[in-house]
Amino acid sequence: LGHNSAITKFHRIDASSHIIIGSNSIIAGLFSQFITHGSTPRNIDDFRSISIGEWCYIGSSSRFVPGSGIGDYTFVGMGAVVTKHFKDSCVLLAGNPATVKKTLSQKDAYFNRRYLPHDHHLKSYQG
């Protein structure tokens, strides 16, 4: 879990393999799932890590399958199912399966600050 990142309540995280969450990212809302193991027709023990870049926002009820991931400065819309690794940065992903819906800018308000403040930080915290 990267610096200044957060995971809110009621998410399901299966850590049979690695899950990497970059700095200033948030697993927001409720009920998202991160599954790092499963079975395929050719592999009954499919263990693959999940990676979340820096400055990412994961909306409620999102799903990440083994081997999936997202690049830096990425928003994942509510209910999206991320079934592969998206290497592009500054995008909005949504849908089932998730696809790129929009290109974002690092100049957007969410990204244009030094750190992502959270409720658990002291008021004097400066990142």
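Structure summary
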read-out: Selected residue (criterion: nearest to the chain's Cα centre (by Cα)) from residues of the range 25-45 that are under 20 Å from residue 79 (Cα atoms) and hydroxyl-bearing (Ser, Thr, Tyr); value: 25
read-out: Single match in 91, 100, 65 (criterion: out of contact with any Gly (no Cβ under 8 Å at 6 or more places or on another chain) and of a type in the set (Val, Ile, Thr)); value: 100
read-out: Among (1) at pLDDT 95 or above; (2) more than 14 Å from the chain's Cα centre (by Cα); (3) under 21 Å from residue 9 (Cα atoms) - the single one residue 82 does not satisfy; value: (2)
read-out: Every residue from the range 34-81 that is in contact with a Pro (Cβ under 9 Å, 6 or more places away or on another chain) and open to solvent by less than 40 Å² (accessible area, probe 1.4 Å); value: 36, 38, 46, 50, 80, 81
read-out: Meets criteria (in contact (Cβ under 8 Å) with a residue 60 or more places away in the chain and β-branched (Val, Ile, Thr)) for residue 26; value: yes
read-out: Count of the range 99-127 residues which are in a strand (DSSP E or B) and either closer than 30 Å to residue 37 by Cα or open to solvent by less than 60 Å² (accessible area, probe 1.4 Å) (or both); value: 4
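The values are calculated or read from the model by the stated rules, or taken from the named source; none is laboratory data. Just so it is clear, the model here is predicted, and its values are computed rather than measured. Methodologically, a virtual Cβ is constructed for each residue, glycine included, from the backbone with ideal geometry; neighbour enumeration extends over all protein chains shown. Calculation scope for accessible area: heavy atoms of the full protein, side chains included, ligands and nucleic acids excluded. Shrake-Rupley method; radii C 1.70, N 1.55, O 1.52, S 1.80 Å.
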